[in-house]
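Just dropping this structure here.
Only the coordinates and a few stated rules stand behind these numbers; no lab work does. Note that the coordinates shown come from a computational prediction; the quantities given were computed from them, not determined experimentally. Heads up, the Cβs are rebuilt from the backbone with ideal geometry, glycines too, and the neighbour counts pull from every protein chain shown.
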C-alpha cells in the first residue's frame, strides 16, 4: 500500500530552483513527482517592500495555479506515467536508497519535519504539510 504527501518542497540549489513535489512511497521505493516551482518566504520592509510583496504574491498565486493543475493531472494517471512525462520527476527504488535521516526544521517559529534521503542524489524534503508521524512512517518504509 502506498502513501502520499502533497506540497513537499525542496530548497533551491546553486543552479536548480526550489520545487514543489508530491511524494508517493511504499516498501519498494518512492516517486518524487514535480508539481511546480516553489516560492520562499520573504520579509519585506517599507514602501519598496510593499511593492515587492505585491509582486511576490502574484508569482506565488501563479505557482499555486500551476501546482493545482499538475496535481489534477496526476490524479488521472499512474505515478510511473507521470515520471515518464515530466523531466523533473523521478522514481527512487528502495535498493538505491543509502540512508534516510529525519530532522526538524523551523519556519517562522513553527516546527515541521525535514527528511533527507540519500540515494544517487541527495533529496532534502521539507514536509511542511505532513505530520511527524507521516514523516516517521516514510522513513521506516524507505530504510
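So how do 71-79, 130-138 stack up, highest first, on mean other-Cβ count within 10 Å?
On the way: 71-79: 13.1, 130-138: 16.3.
Order by mean packing, descending: 130-138, 71-79.
Can you give me the angle between helix 46-75 and the longest principal axis of the chain, using Cα atoms only, in degrees from 0 to 90, rounded to the nearest 10?
Value to nearest ten degrees: 30.
Oh, and also: Using the per-residue mean of other Cβ atoms lying within 10 Å as a proxy for protection, in what order, highest first, do the peptides 10-17, 121-128 fall? Kindly include the intermediate steps, with their values, before the conclusion.
Details: 10-17: 10.8, 121-128: 16.8.
So the peptides 10-17, 121-128, ranked by packing, come out 121-128, 10-17.
How far apart, in nm, are the 7 Å Cα→Cβ label points at residue 107 and residue 80?
Spacing of the two 7 Å Cα→Cβ label points: 3.3 nm.
Where does helix 132-142 land angle-wise versus the long Cα axis of the chain, in degrees 0 to 90, nearest 10?
Tilt relative to the chain: about 40 degrees.
Now for a different question. Express in nm, to one decimal, how much length is gained between residue 2 and residue 50 on full extension, taking 0.36 nm for each residue of separation and deducting their alpha carbon distance. Display every interim value, and only then the final one.
Numbers: separation 48, 0.36 × 48 = 17.28 nm, distance 4.34 nm.
Length difference between fully extended and current span is 12.9 nm.
Rounded to the nearest angstrom and ordered from largest down, what semi-axes does the equivalent ellipsoid of the chain get from its C-alpha gyration tensor (root of 5λ)?
Working: eigenvalues 154, 69, 34 Å².
Square roots of five times the eigenvalues give 28, 19, 13 Å.
Now a separate question. Can you give the FRET efficiency for residue 68 and residue 27, using 1/(1 + (r/R0)^6), R0 = 25 Å, r = Cβ-Cβ distance, to the nearest 0.05?
Details: r = 30 Å, r/R0 = 1.19.
After rounding, the FRET efficiency stands at 0.25.
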